[in-house]
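Participant: My questions will all concern the structure given below.
Only the coordinates and a few stated rules stand behind these numbers; no lab work does. It should be emphasised that the depicted structure is a prediction, and the values quoted were computed from it without experimental measurement. Cβ atoms come from the backbone with ideal geometry, glycine included; neighbour counts cover every protein chain shown.
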Amino acid sequence: MKYSSNLIPPLKLRHFGWKQEVYERQNVLKSDKMSVFNSIFGKSGNQNSSESKINWIPLTDLGQLNEIITLSNKKPVVIFKHSTRCIVSRTALKQFENEYDVETLQCNVSTYYLDLLEHRDISNEIASRFGVYHQSPQLLLIKQGKSVYNVSHSDIDAAELKGKL
């Protein structure tokens, strides 16, 4: 029986090695399903990748909040809080990255990315220090050590952020 090169070959069971063939076939199917899923929704994981045009600074330590407050006295700071398991958060992040005006904003604002599943303690501290209610996804604009703009979900908009700077 002939088959197309981009299709999975028919399963051939031999006395020895049949378990390996079944395992390999399952991995090919899983890989194909994931590539379709990733092309629609994107891959989860580190957002500080070459796919993003934003130069994200990973927010991974509570001490960085003090740095953000100090830095915000010189130039605005953006914090994007993202849940890597949430499709709504993924969609908001991708939309924000696509709309983000790198040429105008990159020099004028520092952008921090918080994976709140990995660093929930930092998310809680952000809520406490800046007097905001925790949400995900959430974008905060910090100026002069205070949150002056705070939006979440579908309200996250790069053009709106640009107007607040």
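Participant: In segment 73-165, what chymotrypsin sites (Phe, Trp or Tyr not before Pro) fall in a loop by DSSP, with at most 13 other Cβ atoms inside 10 Å?
Facilitator: Tyr133
Participant: Taking one equal scatterer on every alpha-carbon of segment 57-164, how large is log10 of I(q)/I(0) by Debye at q = 0.10, 0.15, 0.20 1/Å?
Facilitator: Log10 I(q)/I(0), no solvent term: -0.24, -0.56, -1.04.
Participant: So, in segment 57-164, how many Lys pairs have Cα atoms under 16 Å apart, if the pair is 8 or more places apart or on different chains?
Facilitator: 11
Participant: Rank the residues Ile87, Ile122, Ile142, Ile54 as a footprinting-exposure proxy: fewest other Cβ atoms within 10 Å of their Cβ go first.
Facilitator: Arranged by neighbour count, lowest to highest, Ile87, Ile122, Ile142, Ile54 become Ile87, Ile54, Ile122, Ile142.
Participant: On to the next question. Going through segment 58-165, which trypsin sites (Lys or Arg not before Pro) have at most 12 other Cβ atoms within 10 Å and a DSSP loop state?
Facilitator: When the trypsin sites (Lys or Arg not before Pro) of segment 58-165 are filtered for loop state and at most 12 Cβ neighbours within 10 Å, Lys74, Arg85 remain.
Participant: Continuing with this model, one more query. For every other residue with a beta carbon closer than 15 angstrom to the beta carbon of Leu62, add +1 if it is Lys or Arg and -1 if Asp or Glu, then tell me the sum.
Facilitator: Combined, the nearby Lys, Arg, Asp and Glu give -3.
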